[in-house]
Every structure is written in structure tokens, then in C-alpha cells.
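Reading through the C-alpha cells given below for one structure.
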Amino acid sequence: MKCNVFLTIIAILLAALIGYGFYAANKTETYVLLLTVGSGLLSALTLVGSMGISTIGRTGGANIKVLSGIFFILFIISNLVFAFTAIKIAPYIIVNGMLGLIYATIVYKIIKTEE
């Protein structure tokens, strides 16, 4: 796998805009910084996996891109639920942390089975 620098930068900037969008929608909430940083980091994680990594000639490359897209949608839905309900710190960290670790584990397994 190869990292496409330009698309990785675009993915990170897009994730920053998503994080800012959650900030702008919840300026008055108590834990708006947690929601902003969490949504930005998790979006960056999945967007880099789907946009920034070039997998030409790799058998699991399409799997990683599809998995990244699915988890990106899951993270957006999760953050929308927490954004428009009363956000609590513990459930937010637990749910998004578990989703992030599951994503990282599956991507790791896909990469290891290709070798």
C-alpha cells in the first residue's frame, strides 16, 4: 500500500471541516470540544483509509476502502446522535472508541492476510 500525499491532505482537511461543522452546530453545549475533536479524528481516520491510501494491485485494497466508507458513515451517524441529544462523556468515548478499535482491528487483519 502506498500513501497518496495530496489525497491524504484533502481527507484530513475534509475531516477538519466535518469537525468544525459539529462545533458550529453545538456551540452552546458543554462538551462541544469533545464532539469536535472526536468527530474530526474519527473522520480523518476513515477518510484517509478510503481516500488517501492507494491500493493498486493489492487484493484487499477494495475491502479496506469499502470498510472505511462503512465506518465513516457509522461515525457520522454516531456523532449526529450525540450532537442532537444530550451528550455525555462516558457513552461518547465508549461507543466511538469501540467503533474505532473495531475498525483498526479489521483493517489490520485485512493487511496481514494480504502478506
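The values are calculated or read from the model by the stated rules, or taken from the named source; none is laboratory data. Just so it is clear, the model here is predicted, and its values are computed rather than measured. Cβ coordinates were reconstructed from backbone atoms using ideal geometry, including for glycine residues, and neighbour counts include every protein chain displayed. Accessible surface areas use protein heavy atoms only, side chains included; no ligands, DNA or RNA. Shrake-Rupley method; radii C 1.70, N 1.55, O 1.52, S 1.80 Å.
Here are the numbers:
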| item | result |
| --- | --- |
| Members of the stretch 48-72 found to be within 13 Å of the chain's Cα centre (by Cα) and either in a loop (DSSP other than H, G, I, E, B) or polar (S, T, N, Q) (or both), listed by number | Ser50, Ser68 |
| Given (1) at pLDDT below 90; (2) of a type in the set (Phe, Trp, Tyr); (3) open to solvent by 80 Å² or more (accessible area, probe 1.4 Å), index of the condition Phe6 fails | (1) |
| Some residue of the stretch 17-29 being out of contact with any Pro (no Cβ under 7 Å at 6 or more places or on another chain) and closer than 22 Å to Thr105 by Cα | no |
| Near pairs, Cβ below 7 angstrom, 6+ apart or cross-chain, from the stretch 97-111 (farther than 20 Å from Asn79 by Cβ) to any residue that is open to solvent by 30 Å² or more (accessible area, probe 1.4 Å) and part of a helix (DSSP H, G or I) | Ile110/Asn63 |
| Selected residue (only one of Ala44, Ala16, Ala24, Ala11 is open to solvent by 50 Å² or more (accessible area, probe 1.4 Å) and either assigned to a helix (DSSP H, G or I) or of a type in the set (A, V, I, L, M, F, W, C) (or both)) | Ala16 |
| All positions within the stretch 73-115 that are open to solvent by less than 50 Å² (accessible area, probe 1.4 Å), closer than 30 Å to Thr28 by Cβ and not in a loop (DSSP other than H, G, I, E, B) | Phe75, Ile76, Ser78, Asn79, Phe82, Ala83, Tyr92, Asn96, Gly97, Leu99, Gly100 |
| Complete set of residues in the stretch 47-72 that are at pLDDT below 85, in contact with a helix residue (DSSP H, G or I) (Cβ under 9 Å, 6 or more places away or on another chain) and open to solvent by 30 Å² or more (accessible area, probe 1.4 Å) | Ile53, Ser54, Arg58, Thr59 |
